[in-house]
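Following: one structure in structure tokens, then a few remarks.
No lab work stands behind these numbers, since they all come straight from the coordinates. None of these values were measured; they are calculated from a predicted model. Counting neighbours? That spans all protein chains shown, and the Cβs are built from the backbone with ideal geometry, glycine included.
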Amino acid sequence: MGDVRAILCGYYGKGNGGDEALLASLLQMLPSQVQPIVLSGNPQATYDRYGVITCDRNSAFRVLEAMGESEYFIWGGGSLMQDTTSWRSPLYYGGLMGLAQQRGLKTIAWAQGIGPLKRSFTRWLTRQTLLGCVGVSVRDKASAQLLQQWQINPLLAPDPVWALTPQPYPGLGDIHAPRVAVILRPHPRLTRQRLNHLTQALISFQKATDTSLLLLPFHPAQDLEMAEAVAQQLPGIHSILTPDTPQQLMGIFDGVEMAIGMRLHGLIMAASQQCRCFALSYDPKVSQLMEDLDLPGWELEEIPDDPNVISKAWLDYYANGLPLEVAQIESLRDRAALHGELLNNW
């Protein structure tokens, strides 16, 4: 048992594969003397998966009790401080960070993607809480530039999921190869018409390549219904996969030739396993990854209206595209591990 207790705060226990991967990466990087207390939306599931002390993130009493037992408070990765999807998110996370600082805990903002922050209050709250941190790391250049404007000098490194250790997905070898992963999520700009065009393009692509399509709902509560709707229209071999752990989710891509994906961590996991990636961007963080890795793809509103044009783009990339080089992947993994430096001064 560790002799230092640290609260880990993020969008954990909510069934989102990307956020679970961030938690798994953080636990992988924590020094051995640290005993984590994970704030979770599903404490039992988090305990069962990781074997760590958990706390109901919605119980004010339990959170205050955990703060009384801890010395550190860590924002554990992701876009926690942004007000695009909801203004409640920065209030929740910023409020907890501010409370932890008031109670004398040492606070760390770890592997953050800051923004977009459209409201003056959420910008002020984010700056104030970050100024009170003993360590800050970010995962993208835009976040680093914003913080530097606030006289905060963060450690900048790639998303920590690059450094996550994958595990094999049981039964993957039984699915007909070659395999192509499809990672879709609901979004207002992914209209019914655009989704229909993508689905028709997938049907044409599959007929031309004789591939098995693996539909991966990274956040089943949000994505599974869409995956099932697409699957019902696919005449070829297809599967909907929901792995038990983020490490297994990452391991799927080791047996996949190409990924067509919207979610940031789906693209990161795929690219890290030398899988070719075609991106569909709904968010600046995905567009930034496309730019950083020179990935082909479209913003959602730029998706062609003709399914044949979409399919042809995928077929061209399937036939002629190249994955990231091993040296580039190793560099990204090594640099992502730098986030662990913030966790070595306890």
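Using θ = phi - 60° and the Karplus relation 6.51 cos²θ - 1.76 cosθ + 1.60, list the HN-Hα couplings for the range 25-37 in order, rounded to whole Hz, with x at every Gly or Pro.
5, 5, 4, 5, 8, 4, x, 5, 7, 9, 9, x, 10
Pairs of Cα atoms under 8 Å, at least six residues apart: use those to get the relative contact order of the range 172-330, whole percent. Provide the component values of the computation, followed by the final result.
Values: 251 pairs, mean separation 41.2, N = 159.
It rounds to 26 percent for the range 172-330.
Local charge sum around R62 (other residues, Cβ-Cβ under 11 Å, Lys/Arg +1, Asp/Glu -1)?
Around R62, the charge tally is -2.
Comparing D334, D48, D83, which has the greatest mean-square fluctuation in the GNM of the chain with Cα pairs linked when under 10 Å apart?
Evaluated over the chain, the most mobile residue of the options is D48.
List the residues whose amide H sits under 5 Å from the amide H of G297, counting only those 5 or more places along or on another chain, with H placed 1.01 Å from N in the peptide plane.
A279
If we count other beta carbons within 10 Å of each Cβ, what is the order of D294, D223, D254, fewest first?
With the fewest neighbours first, D294, D223, D254 line up as D294, D254, D223.
To the nearest 20 debye, what charge dipole does the range 262-341 have about its Cα centre, counting +1 at the Cβ of each Lys and Arg and -1 at the Cβ of each Asp and Glu? Don't skip to the answer; put the middle values down first.
Numbers: 6 positive and 14 negative charges, 68 e Å.
Roughly 320 debye for the range 262-341.
Read phi for every residue in the range 273-288 and hand back ³J(HN,Hα) as whole Hz from Karplus 6.51 cos²θ - 1.76 cosθ + 1.60, θ = phi - 60°, with x for Gly and Pro.
Once rounded to whole Hz, the list reads 9, 6, 9, 5, 10, 10, 9, 10, 8, 10, 8, x, 5, 6, 4, 5.
Using just the helices of the chain, give the 222 nm mean residue ellipticity in deg cm²/dmol: DSSP H runs with n ≥ 4 each add -39,500 (n - 2.57), and the total is spread over all residues, rounded to 500.
Numbers: 13 runs with 148 residues, N = 346.
Per the formula, -13000 deg cm²/dmol.
How high is the relative contact order of the chain, in percent, with contacts defined as C-alpha pairs under 8 Å that are six or more residues apart? Walk me through the numbers on the way to the answer.
On the way: 661 pairs, mean separation 57.1, N = 346.
Normalised by residue count, the contact order of the chain is 17 percent.
Among N320, V309, P296, which residue has its Cα positioned farthest towards the positive end of the charge dipole of the range 295-335, with +1 placed on the Cβ of Lys and Arg, -1 on the Cβ of Asp and Glu, and the dipole taken about the Cα centre?
N320
Using the Cα gyration tensor of the range 172-330, with a ≥ b ≥ c the square roots of its eigenvalues, what is the shape: rounded (a/c below 1.5), prolate (a/b larger than b/c) or oblate (neither)?
In terms of gyration-tensor shape, rounded.
How long is the range 118-160 along each principal axis, judged by its Cα atoms, biggest number first, in Å?
Taking the Cα atoms of the range 118-160, the three principal extents are 28, 23, 18 Å.
Write down, largest first, the equivalent ellipsoid semi-axes of the range 4-156 in whole Å, where each equals the square root of 5 times an eigenvalue of the alpha-carbon gyration tensor. Write out the running numbers ahead of the final one.
Numbers: eigenvalues 108, 51, 48 Å².
Working through the eigenvalues yields semi-axes of 23, 16, 16 Å.
Over the range 4-156, what is the relative contact order in whole percent, taking alpha-carbon pairs under 8 Å and six or more residues apart?
20
Cβ neighbours within 10 Å, averaged per peptide: list 215-222, 59-66 in order, most packed at the top. Mind dumping the intermediate values first?
Working: 215-222: 19.8, 59-66: 14.4.
Per-residue Cβ counts within 10 Å, averaged per peptide and sorted highest first, yield 215-222, 59-66.
How much length is gained on full extension from D334 to D292, taking 0.36 nm per residue of separation minus their Cα-Cα distance?
Extra length from D334 to D292 when fully extended: 13.5 nm.
Scan (i) 60, 50, 35; (ii) 61, 41, 38; (iii) 99, 59, 32 for the value of Cα extents along the principal axes in Å calculated from this model and give just the label.
Correct label, based on the coordinates given: (ii).
How tilted is helix 326-336 with respect to the longest principal axis of the chain? Cα atoms for both, answer in degrees (0 to 90, nearest 10).
20
Given 0.36 nm per residue, what is the gain on full extension from T191 to S120 after removing their alpha carbon distance, in nm?
The span from T191 to S120 would gain 22.5 nm if fully extended.
Just rank Y92, Y169, Y318, Y11, fewest to most, by other beta-carbon atoms within 10 angstrom.
Values: Y92 15, Y169 22, Y318 19, Y11 25.
With the sparsest Cβ surroundings first, the list reads Y92, Y318, Y169, Y11.
Which value in nm describes the separation of the simple spin-label points at D174 and A319, placed 7 Å from the Cα toward the beta carbon?
About 3.5 nm separates the two model spin labels.
What is the fewest-to-most order of D210, D56 by other Cβ atoms lying within 10 Å of their Cβ?
D210, D56
Please count, across the chain, the pairs of lysine residues with Cα atoms under 30 Å apart that sit 8 or more places apart or on different chains.
Eligible lysine pairs with Cα atoms under 30 Å apart amount to 12.
Where both partners of a DSSP beta bridge lie in the chain, what percent of those bridges are antiparallel, to the nearest 5? Please list the in-between numbers first.
On the way: 0 of 42 bridges.
So the antiparallel bridges in the chain amount to around 0 percent.
Compute a Gaussian network model of the chain, connecting alpha carbons closer than 10 Å, and tell me which residue from G266, G132, G51 fluctuates the most.
Evaluated over the chain, the most mobile residue of the options is G51.
Report the charge-dipole magnitude of the chain in Debye, nearest 20, computed about the Cα centre from +1 at each Lys and Arg Cβ and -1 at each Asp and Glu Cβ.
Numbers: 26 positive and 33 negative charges, 200 e Å.
Rounded to the nearest 20 debye, it is 960 debye.
With the Cα gyration tensor of the range 150-260 giving a ≥ b ≥ c as the square roots of its eigenvalues, does the rule (a/c under 1.5 for rounded; else a/b larger than b/c for prolate; else oblate) give rounded, prolate or oblate?
Oblate, since a/c reaches 1.5 and b/c is not below a/b.
How much length would be gained if the chain were fully extended between R88 and N344, taking 0.36 nm per residue of separation minus their Cα-Cα distance, in nm to one decimal? It would help to have the intermediate numbers written out before the result.
Numbers: separation 256, 0.36 × 256 = 92.16 nm, distance 3.16 nm.
Result for the pair: 89.0 nm of gain on full extension.
Please work out the FRET efficiency for the pair Q33 and V134, using the Cβ-Cβ distance as r and a Förster radius of 22 Å; give the result to the nearest 0.05.
0.85
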